[in-house]
Amino acid sequence: MVDLLPIREVIQRHNLAASKALGQNFLLDEQLLARIAALPGDLSGAQVLEVGPGPGGLTRALLRAGARVTAIEMDRRCLPALAELGESFPGQLTVIEGDALKLDHNALMAKDGERAPFHVLSNLPYNVGTALFVRWLSGESWPPLWQSLTLMFQREVAERIVASAGDDAYGRLAVLAQWRSEARLAMKVHRSAFTPPPKVMSAIVHVTPAAMPEGVSARMLERLTEAAFGQRRKMLRQSLKGVPGALEALAALGIDETRRAETVSVPEFVAVARALG
Ligand code: SAM
(Lines give C-alpha, C1' and ligand atoms only; values in the text may rest on other atoms or scores of the structure.)
Protein backbone atom coordinates (compact mmCIF):
# COMPACT_ATOMS: atom_id res chain seq x y z
CA MET A 1 0.00 0.00 0.00
CA VAL A 2 1.29 3.50 -0.85
CA ASP A 3 2.62 5.11 2.32
CA LEU A 4 1.08 8.54 2.98
CA LEU A 5 1.30 11.07 5.79
CA PRO A 6 -1.75 10.95 8.10
CA ILE A 7 -4.38 13.43 6.83
CA ARG A 8 -4.11 15.41 10.06
CA GLU A 9 -0.45 16.10 9.21
CA VAL A 10 -1.31 16.99 5.61
CA ILE A 11 -3.79 19.54 6.97
CA GLN A 12 -1.17 21.00 9.33
CA ARG A 13 1.61 21.03 6.75
CA HIS A 14 -0.56 22.90 4.20
CA ASN A 15 -2.17 25.09 6.81
CA LEU A 16 -5.71 24.03 5.86
CA ALA A 17 -7.66 25.45 8.78
CA ALA A 18 -11.29 24.49 8.09
CA SER A 19 -13.32 27.29 6.51
CA LYS A 20 -16.87 27.64 7.83
CA ALA A 21 -17.94 29.58 4.74
CA LEU A 22 -16.98 26.61 2.53
CA GLY A 23 -18.72 24.13 4.84
CA GLN A 24 -15.48 22.36 5.64
CA ASN A 25 -15.68 19.48 8.11
CA PHE A 26 -12.94 17.00 7.35
CA LEU A 27 -12.91 13.23 7.85
CA LEU A 28 -9.58 11.98 9.17
CA ASP A 29 -10.26 8.34 10.08
CA GLU A 30 -8.71 6.29 7.29
CA GLN A 31 -10.66 3.13 8.19
CA LEU A 32 -13.95 5.02 7.98
CA LEU A 33 -12.85 6.59 4.68
CA ALA A 34 -11.98 3.17 3.27
CA ARG A 35 -15.42 1.88 4.26
CA ILE A 36 -17.08 4.85 2.51
CA ALA A 37 -14.98 4.29 -0.62
CA ALA A 38 -16.11 0.64 -0.64
CA LEU A 39 -19.85 1.47 -0.65
CA PRO A 40 -20.20 1.59 -4.47
CA GLY A 41 -18.50 -1.83 -4.78
CA ASP A 42 -15.24 -2.64 -6.58
CA LEU A 43 -13.86 0.62 -7.98
CA SER A 44 -10.67 -0.81 -9.43
CA GLY A 45 -10.15 0.92 -12.81
CA ALA A 46 -13.51 2.77 -12.48
CA GLN A 47 -13.97 6.46 -13.23
CA VAL A 48 -15.01 8.39 -10.13
CA LEU A 49 -16.14 11.98 -9.76
CA GLU A 50 -15.42 13.33 -6.29
CA VAL A 51 -16.88 16.69 -5.41
CA GLY A 52 -15.15 18.63 -2.63
CA PRO A 53 -12.03 16.54 -1.87
CA GLY A 54 -10.65 19.14 0.58
CA PRO A 55 -7.31 17.83 1.92
CA GLY A 56 -7.98 14.51 0.16
CA GLY A 57 -9.06 12.03 2.85
CA LEU A 58 -11.76 10.33 0.78
CA THR A 59 -9.67 10.89 -2.36
CA ARG A 60 -6.80 8.78 -1.02
CA ALA A 61 -9.22 6.00 -0.08
CA LEU A 62 -10.62 6.04 -3.62
CA LEU A 63 -7.15 6.02 -5.16
CA ARG A 64 -6.13 3.13 -2.93
CA ALA A 65 -9.22 1.28 -4.16
CA GLY A 66 -7.79 1.64 -7.66
CA ALA A 67 -10.25 4.30 -8.93
CA ARG A 68 -9.39 6.95 -11.51
CA VAL A 69 -10.58 10.07 -9.76
CA THR A 70 -11.60 13.46 -11.14
CA ALA A 71 -11.96 15.80 -8.16
CA ILE A 72 -13.62 19.23 -8.21
CA GLU A 73 -12.53 21.53 -5.38
CA MET A 74 -13.29 25.23 -5.08
CA ASP A 75 -10.84 25.98 -2.25
CA ARG A 76 -7.53 26.58 -3.97
CA ARG A 77 -5.67 26.25 -0.65
CA CYS A 78 -6.26 22.47 -0.98
CA LEU A 79 -4.68 22.17 -4.43
CA PRO A 80 -1.02 21.67 -3.36
CA ALA A 81 -2.01 18.87 -0.97
CA LEU A 82 -4.06 17.22 -3.72
CA ALA A 83 -1.20 17.62 -6.22
CA GLU A 84 1.12 15.84 -3.78
CA LEU A 85 -1.43 13.04 -3.39
CA GLY A 86 -1.66 12.73 -7.19
CA GLU A 87 2.12 12.21 -7.37
CA SER A 88 1.78 9.13 -5.17
CA PHE A 89 -0.80 7.63 -7.59
CA PRO A 90 0.56 8.48 -11.06
CA GLY A 91 -2.11 8.92 -13.73
CA GLN A 92 -5.00 8.26 -11.33
CA LEU A 93 -5.97 11.74 -10.12
CA THR A 94 -7.16 14.84 -12.01
CA VAL A 95 -8.00 17.87 -9.91
CA ILE A 96 -10.22 20.64 -11.22
CA GLU A 97 -10.44 23.93 -9.39
CA GLY A 98 -13.99 25.25 -9.55
CA ASP A 99 -17.54 25.32 -8.31
CA ALA A 100 -19.19 21.94 -8.92
CA LEU A 101 -22.56 23.69 -9.28
CA LYS A 102 -21.29 25.51 -12.36
CA LEU A 103 -19.58 22.64 -14.18
CA ASP A 104 -20.92 20.10 -16.68
CA HIS A 105 -20.05 16.79 -14.99
CA ASN A 106 -20.82 14.56 -17.99
CA ALA A 107 -18.47 16.65 -20.12
CA LEU A 108 -15.75 16.56 -17.45
CA MET A 109 -15.93 12.78 -17.19
CA ALA A 110 -15.87 12.16 -20.97
CA LYS A 111 -13.04 9.93 -22.18
CA ASP A 112 -11.41 10.63 -25.56
CA GLY A 113 -14.33 12.95 -26.38
CA GLU A 114 -16.88 10.14 -25.72
CA ARG A 115 -19.39 10.20 -22.86
CA ALA A 116 -18.38 7.61 -20.29
CA PRO A 117 -20.01 6.15 -17.16
CA PHE A 118 -18.78 7.15 -13.73
CA HIS A 119 -19.49 6.85 -10.01
CA VAL A 120 -19.98 9.91 -7.81
CA LEU A 121 -18.74 10.15 -4.21
CA SER A 122 -18.92 13.28 -2.15
CA ASN A 123 -18.96 14.81 1.29
CA LEU A 124 -20.33 18.28 0.64
CA PRO A 125 -21.85 21.17 2.57
CA TYR A 126 -25.60 20.60 2.99
CA ASN A 127 -26.89 23.23 0.53
CA VAL A 128 -24.46 22.34 -2.27
CA GLY A 129 -25.03 18.60 -1.78
CA THR A 130 -28.81 18.90 -2.04
CA ALA A 131 -28.63 21.16 -5.13
CA LEU A 132 -26.31 18.70 -6.90
CA PHE A 133 -28.42 15.74 -5.82
CA VAL A 134 -31.55 17.29 -7.35
CA ARG A 135 -29.60 18.06 -10.53
CA TRP A 136 -28.22 14.51 -10.86
CA LEU A 137 -31.72 13.05 -10.46
CA SER A 138 -33.60 15.46 -12.73
CA GLY A 139 -34.09 15.68 -16.49
CA GLU A 140 -35.88 13.57 -19.09
CA SER A 141 -32.80 11.63 -20.20
CA TRP A 142 -32.42 8.30 -18.35
CA PRO A 143 -30.43 6.24 -17.44
CA PRO A 144 -27.87 8.86 -16.44
CA LEU A 145 -24.14 8.51 -17.05
CA TRP A 146 -23.54 8.17 -13.32
CA GLN A 147 -23.69 4.57 -12.14
CA SER A 148 -24.02 5.36 -8.46
CA LEU A 149 -24.19 8.33 -6.09
CA THR A 150 -22.60 7.93 -2.64
CA LEU A 151 -23.27 11.15 -0.81
CA MET A 152 -22.92 12.43 2.73
CA PHE A 153 -25.91 14.45 4.00
CA GLN A 154 -27.18 15.88 7.21
CA ARG A 155 -29.04 12.89 8.74
CA GLU A 156 -32.49 14.52 8.42
CA VAL A 157 -31.93 15.09 4.69
CA ALA A 158 -30.79 11.48 4.22
CA GLU A 159 -33.98 10.35 5.97
CA ARG A 160 -36.07 12.51 3.63
CA ILE A 161 -34.40 10.89 0.61
CA VAL A 162 -35.15 7.30 1.65
CA ALA A 163 -38.54 7.93 3.34
CA SER A 164 -41.68 5.98 2.40
CA ALA A 165 -45.25 7.28 2.07
CA GLY A 166 -46.69 7.83 5.53
CA ASP A 167 -43.32 8.72 7.10
CA ASP A 168 -42.99 12.24 8.50
CA ALA A 169 -39.91 12.75 6.32
CA TYR A 170 -41.70 11.74 3.09
CA GLY A 171 -41.91 14.44 0.44
CA ARG A 172 -40.66 15.67 -2.93
CA LEU A 173 -37.08 14.55 -2.31
CA ALA A 174 -38.20 10.95 -1.66
CA VAL A 175 -40.27 10.82 -4.85
CA LEU A 176 -37.43 12.34 -6.87
CA ALA A 177 -34.92 9.85 -5.43
CA GLN A 178 -37.11 6.76 -5.75
CA TRP A 179 -39.27 6.94 -8.89
CA ARG A 180 -36.48 5.71 -11.20
CA SER A 181 -33.63 4.99 -8.75
CA GLU A 182 -32.99 2.85 -5.71
CA ALA A 183 -31.96 4.91 -2.71
CA ARG A 184 -30.78 3.48 0.60
CA LEU A 185 -29.29 4.83 3.77
CA ALA A 186 -25.88 3.17 3.62
CA MET A 187 -24.13 4.43 6.75
CA LYS A 188 -24.77 6.72 9.71
CA VAL A 189 -21.81 8.94 10.57
CA HIS A 190 -21.49 10.46 14.03
CA ARG A 191 -20.69 14.18 14.20
CA SER A 192 -17.53 13.37 16.17
CA ALA A 193 -16.03 11.70 13.07
CA PHE A 194 -15.51 15.17 11.56
CA THR A 195 -12.91 17.82 12.30
CA PRO A 196 -14.28 20.25 13.35
CA PRO A 197 -17.46 18.40 14.38
CA PRO A 198 -20.63 19.90 12.86
CA LYS A 199 -23.71 20.55 15.04
CA VAL A 200 -25.73 17.80 13.36
CA MET A 201 -25.40 14.08 12.69
CA SER A 202 -24.71 12.85 9.16
CA ALA A 203 -25.57 9.86 7.02
CA ILE A 204 -24.48 8.51 3.67
CA VAL A 205 -27.04 7.78 1.00
CA HIS A 206 -26.28 5.36 -1.83
CA VAL A 207 -28.32 5.69 -5.02
CA THR A 208 -28.27 3.57 -8.18
CA PRO A 209 -30.36 4.19 -11.31
CA ALA A 210 -33.31 1.87 -11.99
CA ALA A 211 -35.56 1.54 -15.05
CA MET A 212 -37.53 4.68 -15.87
CA PRO A 213 -41.28 3.93 -15.85
CA GLU A 214 -42.64 4.16 -19.39
CA GLY A 215 -44.78 7.05 -20.56
CA VAL A 216 -43.92 9.36 -17.65
CA SER A 217 -42.47 12.83 -18.06
CA ALA A 218 -40.00 13.86 -15.35
CA ARG A 219 -41.28 17.42 -15.65
CA MET A 220 -44.88 16.37 -15.14
CA LEU A 221 -43.96 14.31 -12.08
CA GLU A 222 -42.03 17.24 -10.70
CA ARG A 223 -44.97 19.59 -11.29
CA LEU A 224 -47.31 17.17 -9.59
CA THR A 225 -45.16 16.66 -6.49
CA GLU A 226 -44.45 20.38 -6.24
CA ALA A 227 -48.19 21.11 -6.16
CA ALA A 228 -49.04 18.16 -3.88
CA PHE A 229 -46.30 18.75 -1.29
CA GLY A 230 -46.50 22.55 -1.59
CA GLN A 231 -49.63 22.11 0.56
CA ARG A 232 -48.85 18.77 2.16
CA ARG A 233 -51.46 19.00 4.92
CA LYS A 234 -54.24 19.75 2.42
CA MET A 235 -56.34 17.14 0.65
CA LEU A 236 -55.31 16.31 -2.91
CA ARG A 237 -58.51 17.82 -4.27
CA GLN A 238 -57.29 21.16 -2.94
CA SER A 239 -53.53 20.92 -3.55
CA LEU A 240 -53.86 19.54 -7.10
CA LYS A 241 -56.64 21.92 -8.18
CA GLY A 242 -54.16 23.94 -10.23
CA VAL A 243 -52.80 20.96 -12.22
CA PRO A 244 -55.08 20.49 -15.27
CA GLY A 245 -56.56 16.98 -15.44
CA ALA A 246 -55.10 15.87 -12.08
CA LEU A 247 -58.42 15.39 -10.27
CA GLU A 248 -59.86 13.42 -13.20
CA ALA A 249 -56.69 11.26 -13.21
CA LEU A 250 -57.11 10.57 -9.47
CA ALA A 251 -60.71 9.48 -10.05
CA ALA A 252 -59.77 7.26 -13.00
CA LEU A 253 -57.04 5.60 -10.94
CA GLY A 254 -59.23 5.14 -7.88
CA ILE A 255 -57.07 7.40 -5.70
CA ASP A 256 -59.27 9.08 -3.11
CA GLU A 257 -59.03 12.87 -3.56
CA THR A 258 -59.49 13.40 0.18
CA ARG A 259 -56.06 11.86 0.83
CA ARG A 260 -53.04 14.02 1.60
CA ALA A 261 -49.81 14.05 -0.45
CA GLU A 262 -47.83 12.43 2.35
CA THR A 263 -49.94 9.24 1.99
CA VAL A 264 -49.51 8.91 -1.77
CA SER A 265 -46.86 6.32 -2.66
CA VAL A 266 -44.19 6.79 -5.30
CA PRO A 267 -45.91 4.33 -7.73
CA GLU A 268 -49.18 6.24 -7.24
CA PHE A 269 -47.51 9.56 -8.11
CA VAL A 270 -45.97 7.87 -11.14
CA ALA A 271 -49.39 6.56 -12.23
CA VAL A 272 -50.97 10.03 -11.98
CA ALA A 273 -48.09 11.62 -13.91
CA ARG A 274 -48.47 8.93 -16.62
CA ALA A 275 -52.20 9.59 -16.87
CA LEU A 276 -51.47 13.29 -17.35
CA GLY A 277 -49.09 12.50 -20.22
N1 SAM B 1 -13.90 15.36 1.21
C2 SAM B 1 -13.27 15.97 2.35
C3 SAM B 1 -13.51 15.11 3.58
O4 SAM B 1 -14.41 14.28 3.52
O5 SAM B 1 -12.82 15.28 4.57
C6 SAM B 1 -13.76 17.40 2.59
C7 SAM B 1 -15.22 17.53 2.95
S8 SAM B 1 -15.76 19.18 3.33
C9 SAM B 1 -17.30 18.80 4.17
C10 SAM B 1 -16.46 19.81 1.83
C11 SAM B 1 -15.47 20.23 0.74
O12 SAM B 1 -16.22 20.70 -0.38
C13 SAM B 1 -14.54 21.36 1.14
O14 SAM B 1 -13.22 21.04 0.78
C15 SAM B 1 -15.05 22.57 0.33
O16 SAM B 1 -14.02 23.47 0.00
C17 SAM B 1 -15.62 21.89 -0.89
N18 SAM B 1 -16.70 22.64 -1.58
C19 SAM B 1 -17.68 23.38 -1.00
N20 SAM B 1 -18.51 23.85 -1.93
C21 SAM B 1 -18.04 23.40 -3.13
C22 SAM B 1 -18.47 23.57 -4.48
N23 SAM B 1 -19.56 24.29 -4.78
N24 SAM B 1 -17.75 22.98 -5.47
C25 SAM B 1 -16.65 22.23 -5.16
N26 SAM B 1 -16.20 22.05 -3.91
C27 SAM B 1 -16.88 22.62 -2.91
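Residues of the range 93-128 that are of a type in the set (D, E, K, R) and touching a residue at least 12 places away in the same chain (Cβ under 8 Å): Glu97, Asp99, Lys111, Arg115. Of Arg233, Arg259, all but one fail to be out of contact with any Lys or Arg (no Cβ under 7 Å at 6 or more places or on another chain), farther than 16 Å from Val175 by Cα and open to solvent by 30 Å² or more (accessible area, probe 1.4 Å); the exception is Arg259.
When the range 104-115 is limited to residues that are of a type outside the set (Gly, Ala, Ser) and surrounded by 13 or more Cβ atoms within 10 Å (Cβ to Cβ), the one that is farthest from Val10 (Cα to Cα) turns out to be Asn106. Condition check for Pro125 on (1) closer than 27 Å to Ala193 by Cβ; (2) in contact with a helix residue (DSSP H, G or I) (Cβ under 9 Å, 6 or more places away or on another chain); (3) open to solvent by less than 50 Å² (accessible area, probe 1.4 Å): one failure, at (2).
Yes/no per residue for (1) of a type in the set (Asp, Glu); (2) more than 14 Å from the ligand (Cβ to nearest atom); (3) touching a strand residue (DSSP E or B) at 6+ places or on another chain (Cβ under 8 Å):
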| position | (1), (2), (3) |
| --- | --- |
| Ala46 | no, yes, yes |
| Thr59 | no, no, yes |
| Ala71 | no, no, yes |
| Asp75 | yes, no, no |
| Val95 | no, no, yes |
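All of Gly98, Gly91, Gly41 fail the test of being out of contact with any Asp or Glu (no Cβ under 9 Å at 6 or more places or on another chain) and over 25 Å from Asp3 (Cβ atoms), apart from Gly41. When restricted to residues that are more than 9 Å from the ligand (Cβ to nearest atom), under 23 Å from Thr130 (Cα atoms) and in contact (Cβ under 8 Å) with a residue 40 or more places away in the chain, the range 13-44 contains 5.
Within the range 208-277, which helices (runs of 4 or more DSSP H) (wholly inside it) include 3 or more residues that are closer than 25 Å to Leu149 by Cβ and at pLDDT 95 or above? Even if it seems obvious, please write down each step before you answer.
On the way: elements: 218-230, 236-239, 246-253, 266-276.
In the range 208-277, the matching helices (runs of 4 or more DSSP H) lie at 218-230, 266-276.
Report, by residue number, each residue of the range 191-205 that is closer than 22 Å to Pro40 by Cβ and open to solvent by 20 Å² or more (accessible area, probe 1.4 Å). Within the range 191-205, just Ala193 meets the criteria.
The values are calculated or read from the model by the stated rules, or taken from the named source; none is laboratory data. From a predicted model like this one, the values you see are computed outputs, not experimental measurements. Ideal geometry is used to build each Cβ from the backbone, glycine not excepted, and the neighbour counts take in all protein chains shown. SASA here: full protein model, heavy atoms, side chains in, ligands and nucleic acids out. Shrake-Rupley method; radii C 1.70, N 1.55, O 1.52, S 1.80 Å.
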